[in-house]
Every structure is written in C-alpha cells, then in structure tokens.
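A.B. asks: Let me give you the structure first, and then I'll get to my questions.
The values are calculated or read from the model by the stated rules, or taken from the named source; none is laboratory data. Predicted model only: the values in this text are computed from it and were never measured. Note: ideal-geometry Cβ built from the backbone for every residue, glycine included; neighbour counts use all protein chains shown.
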Amino acid sequence: MDLLPGQSIGRYHIIERLGEGGMAIVYKAYDTRLEREVAIKVIRVDQFPPAILENILKRFEREAKALARLNHPNIVPVIDYGDFENVPYLVMVYQPGGTLKAKMGKPMLWADAMRLLLPVARGLAYAHQTGIVHRDIKPSNILITESGEPMLTDFGIAKLLASDDKHTLTGTGVGIGTPEYMAPEQGLGKTIDGRADIYSLGIVLYEMVTGRKPYNAETPMAVVLKHVTDPLPPPRNYVHNLPDAVEKLLLKALAKDPDDRFENMAAFIKVMEACLYGISDLPPQQTQVFTVQQPDQDKTLDQPIQIQTPVKVKPVQKKFGWGLAALGLFGIILVGGIATWSFLASTKAEPTPAPTAVIEKTFTPNPAPAKPVAPSSPVPQTNADGTITIWYSYNAGSSEGTAFLETIALAQKEFPGLKINAEPIPFADVFTLYRQKVTEGGGPEMFIAPNDSLGDFARDGLLANISVQVMGKLDSYLPPALDGMKVGGSLYGIPESLKAVSLYYNRSMMPAAPSTTAALKQMMQSGTPVAVSLGCYHHYGFFGSFGGKIFDLNWKIVADQGGVSDAMDYLRSLHAIAVGRGWPVIDAEGSTAFTSGKVAAITNGNWMLADYRTALGDNLAVAPLPSGPGGPATPMLGVDGFYFNPKSKNILNAVKVALFLTTPKLQEIMMAKAGHVPANSAVKFTDPLMKSLLDSFKFAYVRPQVPELAKYWTNFCNTDEVFVNGVPAVTWVRNATDQANK
C-alpha cells in the first residue's frame, strides 16, 4: 500500500513518507486526536507469500500488544496499532533526528562508542526481561534524537515477522535480520535468544570502534557464511592502541557459539561499564578483574583510560555442530530478486546532530538540551597568587561539613602560595546571596552547591564558562556528572558528587528491601514501618515506576499522558497507610525515626548516608527505589559541583583548586566520611554501600538545566491536594499539566 500526503488512516493524517524497506513503509503522520506527530509503519503485505501473510495477520494483534507494553527511555514506543483495508500497521512516537548509520564509516573512540551504546544495551536488557528479542539490531535501527540520545527502534517488525513456537516464515527456517549484523545461529535459522542480540550489538560496537564491519561479501549468503565460519578479524588490526580489555570484550560478545558469549545482556553491560569506569563488581561467571590506571590530569579528552585485565576469553572456534549442510535449508525472502534482510532502510537522508555526552552507568537520558547559552565573559588568563574564597553550605559539625574542611586543609597544603578561605553560607541563602554579590561586582571566587540553579545562573551570566580551561582535565569524570554541569553544551562547573533518592533500610528490621512497588505496599500494609518521603523531589522517581513522564522531547509538560496519575494514586495509598499508623511522610521526621529504630526503611538522598551509617552501623543497607508496572524508578539525579565567579581575577587558580578537590584521594575522603558518590570514576569503590548507591542510580533522570523545569516545581508540588484533600490524582495531574502549558 502506497499512501500519499493528505490521506488518512483513521485518525492519522499522512504528512510524508520517511523511508521504506522490503517489509514495511514508514510515514510521518499527524494524530488528530492527541494533536502530535507520529510515525506509522505499514506492513507491505504484497511482499509475503499467502501462508506467511496469514500467519502474520493471525499474530499481529497479540504481538502489537506485547510491543506496546515495552516502556523504556531508549526504546521507541509503539503507541497504537490497527489495520487499514486489511493492511496492518504500527504507530510509534515520532523521533526527529537521524540514525547511528550516519555516523558510521570511520573509527570512533572506543569509550565514546560504548557510552553511546550503553543506553541501547539497557533497553535490550529490559526487553529481554519481558521475553522479547529484537533480532535486527543495526545502526539504521538506532535513532539519534535531536538531543543526541540513542533510541532503539524496529522491535515491531523484528518481533512481528519472527517465528513463534509453531511457525517460521517459510517453513524452512528463515533468519530474520540483516546479514552484516546477524548472529551465526540466527543466520542458520536456529532458535535464538537474547544472546543473538548481544552478538548483533557487538558487531555494531566493532564497526564503531574500527570503522569497518568485520565481514563483507558480494552476496547476503556469503556474509552469513563468514559469520558462521570465519574467525573474527582482531580489532587491534585496525586500532592498534585499543585497550586489551575492550578487544577481549568484543571477542567474547562475538563468539561463534552462543554459550561462549556473555550469559545475558546485563553481563555484557557490566563489562562495558567496567571498561569505562573500572568497576570490579562483575558477575561471578565472568571472573574478570579490571584495574583502572589513574588518569593524568594533563591528558587530553581523546586519550582513553587504560585498562588492564587478566580476562580469559575462549579462542574463536568453528564449532557449530549444525554444519554447513544446514545452510541448504536456509531460506531467504526475495523481493524483486533482492534478498530483503533489512526490513526498513530509511531512504530519507537527514542531517544528524552530533550526540551530546551520552549518560553512562545506566542513567536515564534527558530530553532535548536547553537552548544555547551565550558565553560569559572570557575567563581572565592570570596565574597570580592570591586569595581563593570558597562558599559552602554543609551544616557546621555535620559529616559533610567536617569532611569538606578536611579536604580544604589538604588543598591549602597543596597550594601554599594561595590563601584558601572556606566560608559557610546557609543553604537557604547561598543562591540568593551569590546572585546579589556577583551582580554587585563581588562574591567569592567559587562555591560548591547542588546544580539546582545552574541553568538560571548560566543563562544570566553569573557563572564562568570553563569549557576551555578544563579541556583535557576531566576525562576520568563520569559523564552523568559532567552532563549535570552543562548548559547548552558548555561546561559551567566541575562536578564533585552525584545525589539522588534511594531506599535505605535497617537489616535488623527488614532483611531484604522490596524490589517492586507492590511489594513495598504489601510490606507496609502488613505492618512493617516505612517512612516514604513524600515531596515533589523525593517521590519523583516513582513516576518512572508507573511509566510516567513529566516532559516530552520539546520540554512540553506531558504528565497527563499516563503514568504520573497512577504513581500519585499509589503514593496516596502509601500516605494513607503511613498516616493511619503514625509513620512519618516527611524526610526530616523520617530520618529521626529511622536512625532511632522506629521505622525499618526510608526513601531519602545519599546526603544522609553518613548520619544513617553512624546510627545503624553494619545494619544499614541501600537499594534502588522499587520498580513498578511501568519499569524502573527514575529518581532525579542532582550533581554537586564547584562553580566560578565570572568577575573574579583569580579564576584559573580557583579551577586548579577545584580540580585538586576532586582528585581520587580527596574524593575518597568525601565518600568515606560524608557519603558522597564521587564524580571522578578513578575513585575505587570498595564500600558495599557506595556500590549499592551507584547501582540505585542506574535509571536516574539527570536534572535538566532548562527554564521549563520551573514549571514542574511550580505546578506539581502541591501534592497535599491529592494526599490530604482527596482530589482525584487524574484530575490533579490534568489540571497541573494544563496550568504548566499555558
């Protein structure tokens, strides 16, 4: 079926054709009911033999519903399905931008490649948990949004056209996929599982790192044969300085036999993270130990962290017992004499923006970046000694305050020619006072604070743009931490630590943390005292548990499109249980109850970790906020950092001090004594609580530095309307959304 602009399929008004492949045509359309643009994938029924088509039509509704249940920030969601004149179609969220394919063809830094693919791998791990294997992973099926985030698409075609328990497409075992990226067992038409996706994603990573596909031939069949029989060309043949650990990761992911690959996508992710961050808590079956060499502060950003590893990887073997004779049964769908392995190859070439720093360590990506910010005045290039005044807002005598002053004392020893003054400023006053003083031409050389007001301060010219001054000096810092310091793509601070809400529990009262929202509610109903901190920052993560989002990619409030009201209903039920039993629902009161043993658990931020550890000792444990029917929780990730006064005469020395304060040795002090999760990945995580905290940040939502964020704080924080006054959650969310979008 060939649709023309102006035609309609039900409520979808066709705007233009985006691309086509052997199995489907994709159109950009307008949803007249929800008033938004969508992408419609229309199955080309004329390309299938009658028996196969009958099977597809029988399975279409069941498979479409299964695909629509996929809810992950890096999977393009299926939002509707139907048939038009007996032609089935899927409706997906429209993602402007391009695909990863546009970025292929030349080698990419291995670390950049992994950072870009990690979110894709996490989306695949999530899909595998639901029983769905993609089957057609390739660069053209990885969209790059306008904000630079990767989104995996075409689950619809791959799942719909793949064989089920009773049928294959030809009755002879067709492998669904694209030959250049297809796992050997898939090419042979054998039953596959998630390890086939590991292989395909490994091929994509190989191509990104080396600039070439490992196997090429004149025909699709010849390519399949090479995947089955030919040894993998060593990546170091093309990238001579590739770290040993990265090459071994590729060799394992691309093993011929599925049993020799990573056990599952989660294991693959862990080793990629280990390559990037030196994390050593790998799955036991991998028996890998990674050691990260501490980066030199003077290295350039293009120099990757060197990783050494004694990983044992089985040699490539041509051990497929199926034999090449199996290829005689291998069927290929032919359309017009061309083997149609790729089910959608976009024919519309669109410019693809360079990706922003892709969030590592499984943090949930943000939507589109803020509008570009005009650079502040050039940073004075002075090497003068003098006084560096640092404002900080940690409470006097607190674990944070004491640890911070210890690091300041070490900095003073490191820079004897400078006089470093650390001045305490109450947190309630620090942002207002800084704005006032800098506007008047004064203020400190630098201050450390959460990134709560970073976007506004940068846009108002109150912070120095230090992108040039720190170039090549932050290569060991976690990208989510660096993202938290950026506005409009420029860097306005040096990250110190990450902060988000997790679930803390007392193991003497709660042996194991609830992993799901249903389990948490059941636990509270059964009498286990839990202090769920209810506030528009503290409970933000629960929106993700129910599949809710506050913003779309254009920063429009879309909280009324599902999930947020479900989360609010759920939180209202927890509020009712807590109030009925006399348990606190405010973080300060909850912390008092938790440290005194009156409640078994609390949801709160890691700024309280040191105090909780002091009170509970070895009984303290940390877990992620519970996942729910919509997926994992997505707590808002804040970043504490050092910011610099653009009117200071001593910025370069202030930057040097901040870089020293975030070196591994000093970060370890803040980690051990203040509960800070270090921004510098060179810090060794030996504390189990710290490892648990980092794990609990997996799906965190990096706090966006855009003006529109104020709409959330302004309209979604009067939650007592739901929790206390009984306003229906769906009504409250709809009203808040309408008000925010006025």
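A.B. asks: Tell me the residue from 736, 740 that is surrounded by fewer than 24 Cβ atoms within 10 Å (Cβ to Cβ) and at pLDDT 90 or above, please. Before you say what the answer is, go through the steps one by one.
C.D. replies: Values: 736 fails: surrounded by fewer than 24 Cβ atoms within 10 Å (Cβ to Cβ).
Only one candidate passes the filter, namely 740.
A.B. asks: With region 578-686 as the region, which helices (runs of 4 or more DSSP H) entirely inside it contain at least 1 residues that are among the small types (Gly, Ala, Ser), over 30 Å from residue 387 (Cα atoms) and in contact with a Pro (Cβ under 8 Å, 6 or more places away or on another chain)? Don't jump to the end; show me each part of the working.
C.D. replies: Numbers: elements: 587-595, 609-616, 651-661, 664-674.
Counting at least 1 such residues, we get 587-595.
A.B. asks: Counting only residues that are aromatic (Phe, Trp, Tyr) and part of a loop (DSSP other than H, G, I, E, B), which one in region 693-742 is farthest from residue 555 (Cα to Cα)? Spell out the reasoning first.
C.D. replies: To start, the set of residues in region 693-742 that are aromatic (Phe, Trp, Tyr) comprises 697, 699, 701, 712-713, 716, 723, 732.
The next check asks that each one be part of a loop (DSSP other than H, G, I, E, B); those that pass are 697, 699, 716.
Working: 697: 23, 699: 20, 716: 15 Å.
If we take residues in region 693-742 being aromatic (Phe, Trp, Tyr) and part of a loop (DSSP other than H, G, I, E, B), then 697 is farthest from residue 555 (Cα to Cα).
A.B. asks: Return the total of residues in region 63-80 being farther than 13 Å from residue 547 by Cβ, of a type outside the set (D, E, K, R) and touching a strand residue (DSSP E or B) at 6+ places or on another chain (Cβ under 8 Å).
C.D. replies: Here is the first cut: in region 63-80, the ones farther than 13 Å from residue 547 by Cβ are 63-67, 74, 76, 78, 80.
Now drop any that are not of a type outside the set (D, E, K, R), which leaves 64, 66-67, 74, 76, 78.
Going one step further and asking which of them are touching a strand residue (DSSP E or B) at 6+ places or on another chain (Cβ under 8 Å), we end up with 64, 67, 74, 76, 78.
Number satisfying all stated conditions: 5.
A.B. asks: Do we find a residue being at pLDDT 90 or above, in a strand (DSSP E or B) and either within 14 Å of the chain's Cα centre (by Cα) or of a type in the set (A, V, I, L, M) (or both) anywhere in region 102-124?
C.D. replies: Looking through region 102-124, none of the residues is at pLDDT 90 or above, in a strand (DSSP E or B) and either within 14 Å of the chain's Cα centre (by Cα) or of a type in the set (A, V, I, L, M) (or both).
A.B. asks: With the checklist (1) out of contact with any Pro (no Cβ under 7 Å at 6 or more places or on another chain); (2) in a loop (DSSP other than H, G, I, E, B) in hand, flag the one item residue 690 doesn't pass.
C.D. replies: Looking at each condition in turn, residue 690 falls short on (2).
A.B. asks: If a residue has to be closer than 23 Å to residue 155 by Cα and assigned to a loop (DSSP other than H, G, I, E, B) to count, how many in region 177-228 make the cut?
C.D. replies: Total satisfying the criteria: 11.
A.B. asks: Follow-up question, since we're still on this one. Inspect region 721-732 for any residue being crowded, with 17+ Cβ neighbours inside 10 Å and touching a Ser or Thr at 6+ places or on another chain (Cβ under 8 Å) and give the result as yes or no.
C.D. replies: Checking region 721-732: at least one residue is crowded, with 17+ Cβ neighbours inside 10 Å and touching a Ser or Thr at 6+ places or on another chain (Cβ under 8 Å).
A.B. asks: Need pairs with beta-carbon distance below 9 Å; first residue within 14 Å of residue 529 (Cβ to Cβ) and within region 585-611, second among the charged types (D, E, K, R) and at pLDDT below 95; sequence gap 6+ or separate chains.
C.D. replies: 591/611; 595/611; 602/587; 603/587
A.B. asks: In this structure, does residue 64 turn out to be surrounded by 18 or more Cβ atoms within 10 Å (Cβ to Cβ), out of contact with any Asp or Glu (no Cβ under 7 Å at 6 or more places or on another chain) and either among the acidic types (Asp, Glu) or part of a helix (DSSP H, G or I) (or both)? Reasoning before the result, please.
C.D. replies: Details: surrounded by 18 or more Cβ atoms within 10 Å (Cβ to Cβ): yes; out of contact with any Asp or Glu (no Cβ under 7 Å at 6 or more places or on another chain): yes; either among the acidic types (Asp, Glu) or part of a helix (DSSP H, G or I) (or both): yes.
Spelling it out, residue 64 is indeed surrounded by 18 or more Cβ atoms within 10 Å (Cβ to Cβ), out of contact with any Asp or Glu (no Cβ under 7 Å at 6 or more places or on another chain) and either among the acidic types (Asp, Glu) or part of a helix (DSSP H, G or I) (or both).
A.B. asks: Using beta carbons and a limit of 6 Å, which pairs, at least six apart or on different chains, have the first residue in region 255-277 and without any contact (Cβ under 8 Å) to a residue 40 or more places away in the chain and the second one aliphatic (A, V, I, L, M) and assigned to a helix (DSSP H, G or I)?
C.D. replies: Pairs that qualify, where the first residue is without any contact (Cβ under 8 Å) to a residue 40 or more places away in the chain and the partner is aliphatic (A, V, I, L, M) and assigned to a helix (DSSP H, G or I), are 271/249.
A.B. asks: Could you go through region 110-120 and let me know if any residue there is of a type in the set (Phe, Trp, Tyr), in contact (Cβ under 8 Å) with a residue 60 or more places away in the chain and surrounded by fewer than 23 Cβ atoms within 10 Å (Cβ to Cβ). Before you say what the answer is, go through the steps one by one.
C.D. replies: Of all residues in region 110-120, those of a type in the set (Phe, Trp, Tyr) come to 110.
Those still in the list that are in contact (Cβ under 8 Å) with a residue 60 or more places away in the chain too: 110.
Next cut, surrounded by fewer than 23 Cβ atoms within 10 Å (Cβ to Cβ) only: none.
Looking through region 110-120, none of the residues is of a type in the set (Phe, Trp, Tyr), in contact (Cβ under 8 Å) with a residue 60 or more places away in the chain and surrounded by fewer than 23 Cβ atoms within 10 Å (Cβ to Cβ).
A.B. asks: For region 258-297, which positions are touching a helix residue (DSSP H, G or I) at 6+ places or on another chain (Cβ under 8 Å), assigned to a loop (DSSP other than H, G, I, E, B) and modelled with pLDDT of 50 or more?
C.D. replies: 261, 262, 263, 264 - these are the residues of region 258-297 that are touching a helix residue (DSSP H, G or I) at 6+ places or on another chain (Cβ under 8 Å), assigned to a loop (DSSP other than H, G, I, E, B) and modelled with pLDDT of 50 or more.
A.B. asks: Quick one: how many residues across region 229-254 are assigned to a loop (DSSP other than H, G, I, E, B) and among the acidic types (Asp, Glu)?
C.D. replies: Step one: filter region 229-254 for residues assigned to a loop (DSSP other than H, G, I, E, B), giving 230-234, 238-243, 254.
Checking the rest, the ones that are also among the acidic types (Asp, Glu) come to 230.
Qualifying residue count for the region: 1.
A.B. asks: Right, something else. Suppose we keep only residues that are under 35 Å from the mean Cα position of the chain (by Cα), part of a loop (DSSP other than H, G, I, E, B) and surrounded by 14 or more Cβ atoms within 10 Å (Cβ to Cβ) within region 392-423. Which one would you say is modelled with the highest pLDDT?
C.D. replies: Here the answer is 393.
A.B. asks: For region 488-509, state whether one or more residues are in a loop (DSSP other than H, G, I, E, B), out of contact with any helix residue (DSSP H, G or I) (no Cβ under 7 Å at 6 or more places or on another chain) and at pLDDT 95 or above.
C.D. replies: The answer is yes, given that some residue of region 488-509 is in a loop (DSSP other than H, G, I, E, B), out of contact with any helix residue (DSSP H, G or I) (no Cβ under 7 Å at 6 or more places or on another chain) and at pLDDT 95 or above.
A.B. asks: Within the bounds of region 473-487, is there any residue that is small (Gly, Ala, Ser), at pLDDT below 95, touching a helix residue (DSSP H, G or I) at 6+ places or on another chain (Cβ under 8 Å) and more than 22 Å from residue 603 (Cα to Cα)? Give the derivation first.
C.D. replies: Within region 473-487, the subset small (Gly, Ala, Ser) is 476, 481, 484.
Next cut, at pLDDT below 95 only: 476, 481, 484.
Retained after the next criterion (residues that are touching a helix residue (DSSP H, G or I) at 6+ places or on another chain (Cβ under 8 Å)): 484.
Still in the list and also more than 22 Å from residue 603 (Cα to Cα): 484.
There is at least one residue in region 473-487 that is small (Gly, Ala, Ser), at pLDDT below 95, touching a helix residue (DSSP H, G or I) at 6+ places or on another chain (Cβ under 8 Å) and more than 22 Å from residue 603 (Cα to Cα).
A.B. asks: Could you give me the residue pairs with C-beta distances under 6 Å whose first residue belongs to region 448-462 and is in contact (Cβ under 8 Å) with a residue 12 or more places away in the chain and farther than 11 Å from residue 485 by Cβ, whose second residue is part of a helix (DSSP H, G or I) and of a type in the set (A, V, I, L, M) wherever it lies, and which are 6+ apart or on separate chains?
C.D. replies: Close Cβ pairs (under 6 Å, with a partner that is part of a helix (DSSP H, G or I) and of a type in the set (A, V, I, L, M)) amount to 449/430; 462/438.
A.B. asks: Follow-up question, since we're still on this one. Does residue 569 qualify as being at pLDDT 95 or above, outside any strand (DSSP E or B), of a type in the set (Asp, Glu) and surrounded by fewer than 22 Cβ atoms within 10 Å (Cβ to Cβ)?
C.D. replies: Working: at pLDDT 95 or above: yes; outside any strand (DSSP E or B): yes; of a type in the set (Asp, Glu): yes; surrounded by fewer than 22 Cβ atoms within 10 Å (Cβ to Cβ): yes.
Taking the combined requirement at face value, the residue satisfies it.
A.B. asks: Shifting gears a bit: Give me the pairs: first residue in region 28-45 and assigned to a strand (DSSP E or B), second residue buried (at least 18 other Cβ atoms within 10 Å of the Cβ) and among the acidic types (Asp, Glu), beta-carbon distance under 7 Å, and six or more apart or on different chains, which are they?
C.D. replies: Matching pairs, first to second residue: 38/31.
A.B. asks: Continuing with this model, one more query. Would you be able to tell me the number of residues in region 13-24 that are in contact (Cβ under 8 Å) with a residue 60 or more places away in the chain and either over 20 Å from residue 143 (Cβ atoms) or of a type in the set (Gly, Ala, Ser) (or both)?
C.D. replies: 4
A.B. asks: Name the one entry in 654, 623, 633, 658 that is buried (at least 21 other Cβ atoms within 10 Å of the Cβ), among the small types (Gly, Ala, Ser), within 30 Å of residue 72 (Cα to Cα) and in contact with a strand residue (DSSP E or B) (Cβ under 7 Å, 6 or more places away or on another chain).
C.D. replies: 633
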